[in-house]
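Working notes for the structure below.
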Amino acid sequence: MSDFEEKVAASNFKTLRLNRNGKVLFVSIDAPPMNLLGPALVTDLVSLIDLLEHDESCAVVVFTSANDDFFIPHVDVLKIKEYRQAAARLSGVPSIGLLFRQLSLLNVVTIAQIEGQVGGAGSEFVLACDMRFASTDARFLQMECAFGNIPGAGALQHLTRLLGRARALEVLLSADDFTAAQAAEYGWVNRTMGADELKSHVATLAHRISRFPAEGIATVKRRVNDIALPPMEAIRKDSDLFGEASQTEAAKLRIAHAVELGFQVSQATELGLGAMLGRLDDSE
Amino acid sequence: MSDFEEKVAASNFKTLRLNRNGKVLFVSIDAPPMNLLGPALVTDLVSLIDLLEHDESCAVVVFTSANDDFFIPHVDVLKIKEYRQAAARLSGVPSIGLLFRQLSLLNVVTIAQIEGQVGGAGSEFVLACDMRFASTDARFLQMECAFGNIPGAGALQHLTRLLGRARALEVLLSADDFTAAQAAEYGWVNRTMGADELKSHVATLAHRISRFPAEGIATVKRRVNDIALPPMEAIRKDSDLFGEASQTEAAKLRIAHAVELGFQVSQATELGLGAMLGRLDDSE
Amino acid sequence: MSDFEEKVAASNFKTLRLNRNGKVLFVSIDAPPMNLLGPALVTDLVSLIDLLEHDESCAVVVFTSANDDFFIPHVDVLKIKEYRQAAARLSGVPSIGLLFRQLSLLNVVTIAQIEGQVGGAGSEFVLACDMRFASTDARFLQMECAFGNIPGAGALQHLTRLLGRARALEVLLSADDFTAAQAAEYGWVNRTMGADELKSHVATLAHRISRFPAEGIATVKRRVNDIALPPMEAIRKDSDLFGEASQTEAAKLRIAHAVELGFQVSQATELGLGAMLGRLDDSE
C-alpha cells in the first residue's frame, strides 16, 4: 500500500467512498438512505480534511453522490448536538461552518459535482468547495428560515457575497426550491449541464488542473481566499446563532411538526420539500 | 378598527394606497400624474417606514404602482429642496438615501413589484427593497450623469456592489434605458417575468414568507445587511455630493433645458427618456 | 496642430494608432505580429496614460485591435524584465498592474472593444478599463496557473470581485479558453454581440457619454472606484508574487517548454492555446 492508501485505510471511512485516479481523488458520498449530514458523515469529512491537509498525492478532489436523488439534502435535524460535536474534533469548536471553512482553505482544489437534491448544510458544503457544477435536474434549497433559523454553516455568508443582497435574501427568506438553471443564473453554482456532460466535464477539468504546478494553484487559492472567503468570525457568529436558535422550544416544536409531515423520514416529502415547507405555518 | 388600521388612518396617506391581506401589506404608489418622488410621496414614505418600525402585524410589504406606465420615474426635479426636507422628518438629515436605508433595515421584508418606468430615485427606492421582481416591459434608467450629477440616494452604492465595477459604470455613465431582461441579466432586479405571472409570483412569495417565524427572518436580514448593505457614511457622502451638485448654476440650467424638452412635464418624453437624454449636449 | 495633436506627436507612438473624433479617442492596438504586451506596447501605454492624465480634450477612450485574431493574447514571456521596467517609467514601480490601476483612475472613461483572443495581461488590461464589450467570437483565457504562476497585473483581484470565489477559481485554475458568451454570463465582460453591432454600439455609447458633463462623470468614477477598484497594496502584492515566481528556474523551464510547443511563436498554437496548455504536464 502507498502512504496515501495507508492513511485512507486508517481513516476507516463509513460514508465516503474514495477512488484515486492519478492526482485526482473522487469522493462519493454514500450515507443511506438519503445522505443526511449526520454524525457519521461529519466524522468522515473531518477525517478527509485532516488527511488532505497532510498529504500531497492529491491535487484535486471531486465530490459526487452515490445516491441519484440526493446529494446532501440537509443535516440530520434529530442529531444536531451529535454532528456538531463530531465537527469539533478538527477545530475544537462544535461548528460545521468552521469545518467547511477549513475545506475551503486546503491547498488541494475541491469540485462539487451535484446531482439530486442539495439543501441546508448540503448547500453550505458545496458553497465551501472551490467550484460547483450541477446537473440540470439538481435542485437547491436553503430551508432554515422556514424553521425560524438561519443557515449556520456559511451559506448566508457565501450566498450574500455571490448573489448580492436581493437574490441572497430571496433564496434565504423564501426557503423554496431552486432549479439548477436558476442556481446557475444567480451564481449559486458555476454552471449547469446534462448529467452525462457533467461527469465528463468535471473529470476533464479535474485532471487538467491536477497537471498544473502545485505552487501556482496554492497561491491562486490563497490570494482569492484573502478577498472572497467569508471571515472566520462571521462564520462562527452564524454558527452560534444557529446553535442557539435550534435549542429553543419553539424550534424543537417546529421540527417535530415537520417530521410529522414527512421531513427527513419520507423520501417523497424530501423530493417536494419546498412545497411542504410552504404549508408550515408558524401562526397556526 | 384594529391598532394597525388606526395607525394607518392617523398617517393620512395621500400618495400610498394600503391594502393588508393577512400579514402581507400591499402598498400601491399613486401620485399622479406619473409617480414622481416629490414632497408628498416622501412624506408618506416617512410615515410608512415609521409605522412599520413600530408595528408587528405586517411581515411582508409589497410595493406596486397604481400607474401602468410609471413605477417611480425619478424625483420631482423642481422640488429637490422640499422633498429632501420632507425626508429629514425621520432621520433629521435631508437625505432620501438615509430614508431608503432605514427601509432596508426594517424587520419586515420588502418586495418591489415593478411595472413601467423606474429610474433615478425610483431605482434607488427599489434597490433599497429586499427583493425586486420586474415585468418584462418595465424599463430602468439611472439618469443623473446626463445632468452632471451622481445618484445620491444609494444607487451608486447598490449597483456597484450588485453589478460589479464595469456594469455599474455602464449603467451610471450611459444614463440610458435598460430593458427588464438586461436589468435581470446584470442583477439590477432578481428576476423578470410577464405581468400576469409577476403579480401571482410576488403575492405567493410574500404570503409564503409571511408564514415563517419572524425571528428567523429578522436575523437573516440583520446578518445579510451586515455584509451587503452600503454603509451609512457612504450613502450620506453620495447624498451630500448630489445635494451640492444640484445647487450649482450649471445644474439648474441643465434641468431647465431638459424641462423645456419635456423632461418631467411630458409623459411621452418620459417614456422615451433615454433617447432624449442622449440629445442633451453639455458643450452646446 | 492643436495642443492635443502636439502631445500625440511628441509621444511618438509605435504600437498605438490614435484617431480622435469629437471628444472620443479611438486607440487601435497595432503591435505585429500578434499584439503581445512587450516593452514597446507598455512604453506606449505609459505615454498614453500620461497624456490622458494631463489633457481635457478627450472624454472617452475606446481601445480596439488592429489585428482581427488577437486583441492582446498575453505578455511577451521572453521579455518580462524589459516590459516591467518600461512600466516603471510612470509609477516608479516595475508593475503593469499598477500601470493598469492608473488607467482605471483616469477621469476619462475607457471602453475596451474586444475582438479576437484576449488573455493573460491582455485580460488584465481590459479588466482595468471601465467597460468591456466583446464580439461573439472573442475568446478569453487567464493562463498563468498552467505555468505555476498567478495573474500579477490585477486579473485575480478583478475577477474575484466580479465573478465571485467559485467562478474566479474556475477561470484562474483551469487556464482554459472561455467563449465570449461564457465571459458575459460570468461578468468578465459587460456584454457580447456580433462584430458589426459591437462597433456601432461602442461608438454610439462613447459619443453619448462624451456629451455629458465631465464633473459628473469624474465623480461617478471616483465613487465607484472607492468601492470596487482593487486596492493598490493588493495589486502590488500580486505583482510581486508574479515577479518572483517568474524568475524561478522551474518557471523558465516551463515557458521554454511551452515556446517549443509553439507558445508565443506560432499563431496557430496561440489560437488553440487552451488546448495546448492542457497538454503541459508539470510532473513529466
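The values are calculated or read from the model by the stated rules, or taken from the named source; none is laboratory data. All figures in this text were calculated on a predicted structure; none of them were measured in a lab. In this analysis, Cβ positions are derived from the backbone assuming ideal geometry, glycine residues included, and neighbour counts consider all displayed protein chains. Accessible surface is based on the protein model in full, side chains and every heavy atom, while ligands, DNA and RNA are left aside. Shrake-Rupley method; radii C 1.70, N 1.55, O 1.52, S 1.80 Å.
How high is the relative contact order of chain B, in percent, counting Cα pairs under 8 Å that sit 6 or more residues apart? RCO, chain B: 17 percent.
Quick check: pseudo-label points 7 Å beyond the Cα along Cα→Cβ at residue A:233 and residue B:88, how many nm apart are they? Between residue A:233 and residue B:88, the simple spin-label model gives 3.6 nm. The mean count of C-beta atoms from other chains within 10 Å of the C-beta of residues in C:167-180, rounded to a whole number, is 5.
Multiply the residue separation of residue C:55 and residue C:259 by 0.36 nm, subtract the distance between their alpha-carbon atoms, and state the gained length in nm to one decimal.
On the way: separation 204, 0.36 × 204 = 73.44 nm, distance 4.10 nm.
Length gained between residue C:55 and residue C:259: 69.3 nm.
Per residue, how large is the accessible surface of the protein assembly as shown? Use a 1.4 angstrom probe and give square angstrom.
On the way: 29990 Å² over 852 residues.
Here the per-residue accessible area is 35 Å².
Taking A:119, A:194, A:97 as the candidate residues, the one with maximal mean-square fluctuation in a Gaussian network model of chain A, Cα springs under 10 Å, is A:194. Greater than 18 Å separation of Cα atoms is the criterion. Which listed pairs, A:23/C:237; B:237/C:221; C:79/C:252; B:79/B:252; A:79/B:221, meet it? A:23/C:237; A:79/B:221, as the Cα separations exceed 18 Å there.
Helix B:214-228 and the longest principal axis of the C-alpha atoms of chain B enclose an angle of approximately 30°. Excluding same-chain neighbours fewer than eight residues apart, the aspartates and glutamates reachable from residue C:81 by a Cα-Cα span under 12 Å are C:244. Could you work out the relative contact order of segment B:1-106? I mean the mean sequence separation of Cα pairs under 8 Å and 6+ apart, divided by the number of residues, in percent. About 28 percent, as a whole number.
Ranking C:15, C:60, C:48 by Cα position along the charge dipole of segment C:1-70, where only Lys, Arg, Asp and Glu carry charges on their C-beta atoms, puts C:15 farthest toward the positive end.
Only one residue of A:26, C:98, B:217 has its Cα farthest out toward the positive end of the dipole of the protein assembly as shown, where Lys and Arg carry +1 and Asp and Glu -1 on Cβ, and that residue is C:98. In segment A:134-149, the residues that give up 40 Å² or more of accessible area when the other protein chains are added, compared with the chain on its own (1.4 Å probe), are A:145, A:148. Computed from protein heavy atoms with a 1.4 Å probe, the total accessible area buried between A and C is close to 2800 Å². Only Cα pairs under 8 Å and 6+ residues apart enter the sum, and on that basis the relative contact order of segment B:47-202 stands at 23 percent.
Before rounding to the nearest 500, sum -39500 (n - 2.57) across all DSSP H runs of length at least 4 in chain A and divide by the residue total; then give [θ] at 222 nm in deg cm²/dmol.
On the way: 13 runs with 151 residues, N = 284.
Using -39500 (n - 2.57) per qualifying helix, the result is -16500 deg cm²/dmol.
Sorted from shortest to longest, the distances between the residue A:3 label points of this copy and the other copies are 6.8, 6.8 nm, with each point 7 Å from Cα along the line through the beta carbon.
Shown for segment B:123-274: the carbon plus sulfur share of the solvent-accessible area, taken with all protein chains present and a 1.4 angstrom probe, equals 54%. For residue B:139, the residues whose modelled amide H falls within less than 5 Å of its own, excluding neighbours fewer than 5 places apart on the same chain, are B:116, B:117, B:118.
Using a simple spin-label model with pseudo-atoms 7 Å out from Cα toward Cβ, residue C:281 and residue B:250 lie 6.4 nm apart.
Exposure check, 1.4 Å probe, all protein chains in place: residue C:53 carries approximately 80 Å² of accessible surface.
Would you mind classifying chain A by shape? Square roots of the alpha carbon gyration tensor eigenvalues, ordered a ≥ b ≥ c; an a/c under 1.5 is rounded, otherwise it is prolate if a/b is larger than b/c and oblate if not. Note, shape of chain A comes out prolate.
Charges were assigned to the Cβ only: +1 to each Lys and Arg, -1 to each Asp and Glu. The resulting dipole of segment A:38-106 about its Cα centre is roughly 380 debye.
Ordering A:234, A:248, A:263 by Cα displacement along the dipole of segment A:169-284 toward the positive end leaves A:234 in first place; charges were set at the Cβ atoms of Lys, Arg (+1) and Asp, Glu (-1). Charge tally around residue C:93: other residues with Cβ under 13 Å, Lys/Arg +1 each, Asp/Glu -1 each, net +2.
Of the accessible area of segment B:1-48, computed with a 1.4 Å probe over protein heavy atoms only, carbon and sulfur atoms account for 52 percent. Look at the stretch A:183-195: the mean tally of other chain Cβ atoms within 10 Å of its residues' Cβ atoms is 3.
The other copies place their residue B:105 label points at 3.4, 3.4 nm from this one, listed shortest first, where each point is 7 Å from Cα along Cα→Cβ.
Inter-copy label distances at residue A:249, shortest first and taken from points set 7 Å along Cα to Cβ: 7.3, 7.3 nm.
Is there a quick way to get the dipole size of chain C? I mean about its Cα centre, with the Cβ of Lys and Arg at +1 and of Asp and Glu at -1; what is the value in debye to the nearest 20? Show your work: numbers first, answer last.
Values: 27 positive and 36 negative charges, 146 e Å.
Its charge dipole is roughly 700 debye.
Given charges of +1 on the Cβ of Lys and Arg and -1 on the Cβ of Asp and Glu, with all other atoms neutral, how large is the dipole of segment A:182-284 about its Cα centre, in debye to the nearest 20?
Numbers: 12 positive and 15 negative charges, 152 e Å.
Computed charge dipole of segment A:182-284: roughly 720 debye.
Counting only other chain Cβ atoms within 10 Å of each residue's Cβ, the peptide C:222-235 averages 4.
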